[in-house]
Amino acid sequence: MVGKVAFVAGGSSGINLGIARGLSAEGAQVVLLSRDETKLQSAATLISSEGGRADWVAADVRDADAVAVALRRSAERQGSFDVVVSGAAGNFLAPANRLSSNGFRTVVDIDLVGTFNVFRHSYPHLRRPGASLVAISAPQAVRPMAEQAHAGAAKAGVNVLVKTLAMEWGREGIRVNAISPGFIADTEGTTRLISTPEARERLLNTIPLGRLGTKDEIADLVLFLVGPKAGYITGTVLDCDGGLILGTR
Ligand code: COA
């Protein structure tokens, strides 16, 4: 990844920060985007303390104009993007009959429209040939989960979006894939969905490998997917979930 530029939307925390750190550790110059300047600053400082180079830009992925400006300015500073990761997400548990239309739309706007905004507005600034785009999906997209109508619908949209973009942009040497992390330890997403030790135990019983995943395992998969050994892979959604979507025994 030495000499490559990686733009990571949602990169100030959680799985996406883990991905940014993994890309940086392999030599990429990373650019982080999220809403929160304080979190961005501390994420960039962390990456610098590990010997990497991280720039950042604050924007809400729901705001297409702000995303377009952020990507344009970053490309002017760092050059064309070799890697774009779209992982900014919002989620909470809510039964559909108590979820407002605005609550549903908010998650679809962040996860699905946000991913469209990031990929669409990175398009003019992508390295051709060679750019690799990775969206962060979720098991709810293919294995429905109660109280997750909003997130499941949004991520199902992400799965089809990456396949469509892979078709449209493949001839330009641009690959577009998604990763579907299951429940990953020490992330806000997992904490929001399993709030008690009993819920954690119940969840572990549904995962064939019987444990949560790690942020490093997701970062390693992204590194493989954006690297030369995955050069013929596009339009896929790779599960990295300990077998969660297979169902229980
Ligand atoms: N249950 C039901 N509805 C909820 C909810 C919950 N736990 N949390 C938010 N909502 C609804 C709100 O009531 C509101 O709808 P309304 O106007 O009809 O009342 C709507 O969602 C928007 O909420 P708001 O707080 O204004 O949105 P926001 O843009 O400030 O925040 C969220 C977005 C809701 C996704 C927020 O949780 C967030 O910012 N999350 C980011 C971090 C995160 O989720 N990380 C995990 C990623 S997997």
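Is the shape of region 133-173 rounded, prolate or oblate, going by the alpha carbon gyration tensor and its root eigenvalues a ≥ b ≥ c, with a/c under 1.5 for rounded and a/b larger than b/c for prolate?
Judged from the Cα gyration tensor, region 133-173 comes out prolate (a/c at least 1.5, a/b above b/c).
If amide hydrogens are placed 1.01 Å from N in the peptide plane, which non-local residues have theirs closer than 5 Å to the one on D55?
The list, which skips near neighbours in sequence, is V30, V31, L32.
Ignoring ligands, DNA and RNA, what accessible area per residue does the chain give at 1.4 Å, in Å²?
Normalised by residue count, the accessible surface of the chain is 47 Å².
Once amide H atoms are placed 1.01 Å from N in the peptide plane, what residues at a sequence separation of 5 or more from G11, or on another chain, have their amide H within under 5 Å of its amide H?
L33
Give the ranking of R73, R143 by solvent-accessible surface, highest area first, calculated with a 1.4 Å probe.
Largest accessible area first, the list is R73, R143.
Take the cross-link list K163/K229; K39/K163; K4/K155 and give me the ones stretching past 22 Å between alpha-carbons.
K39/K163; K4/K155
Against the globular-protein guess of 2.2 N^0.38 Å, express the Cα radius of gyration of region 5-235 as a ratio, rounded to two decimals.
Expressed relative to 2.2 N^0.38 Å, the Cα Rg reads 0.97.
What GluC sites (Glu not before Pro) in region 1-66 are in a loop by DSSP, with at most 14 other Cβ atoms within 10 Å of the Cβ?
Within region 1-66, the qualifying GluC sites (Glu not before Pro) (loop, at most 14 other Cβ atoms within 10 Å) are E50.
Could you pull out every residue, at least 5 positions away or on a different chain, whose amide H is within less than 5 Å of the one on E147? Hs are placed 1.01 Å off N in the peptide plane, and Pro or chain starts have none.
A96
How tilted is helix 14-25 with respect to the longest principal axis of the chain? Cα atoms for both, answer in degrees (0 to 90, nearest 10).
30
At 1.4 Å probe size, with the rest of the protein present, what percent of the exposed accessible area of region 5-235 is carbon and sulfur atoms?
Of all accessible area on region 5-235, carbon and sulfur atoms account for 52 percent.
What accessible area, in Å² to the nearest ten, does a 1.4 Å probe give for F92?
70
In whole angstrom, how far apart do the alpha carbon centroids of region 59-108 and region 200-249 sit?
22
Distance from the Cα centre of region 174-197 to that of region 143-157, in angstrom?
Computed from Cα coordinates, the inter-centre distance equals 13 Å.
Hey, what number do you get for the chain at 222 nm if only DSSP H runs of n ≥ 4 count, each worth -39500 (n - 2.57), divided across all residues, to the nearest 500?
-13000 deg cm²/dmol
In whole Hz, with x marking every Gly and Pro, tabulate ³J(HN,Hα) for region 88-97 from phi via Karplus 6.51 cos²θ - 1.76 cosθ + 1.60, θ = phi - 60°.
So the Karplus estimates, Gly and Pro as x, are 4, 8, x, 7, 6, 7, 7, x, 4, 6 Hz.
The values are calculated or read from the model by the stated rules, or taken from the named source; none is laboratory data. Keep in mind that this is a model prediction, so the values were computed, not measured. Positions of Cβ are backbone-derived with ideal geometry, glycine not excepted, and every protein chain shown enters the neighbour counts. Heads up: the accessible areas ignore ligands, DNA and RNA and are worked out on the full protein's heavy atoms, side chains in. Shrake-Rupley method; radii C 1.70, N 1.55, O 1.52, S 1.80 Å.
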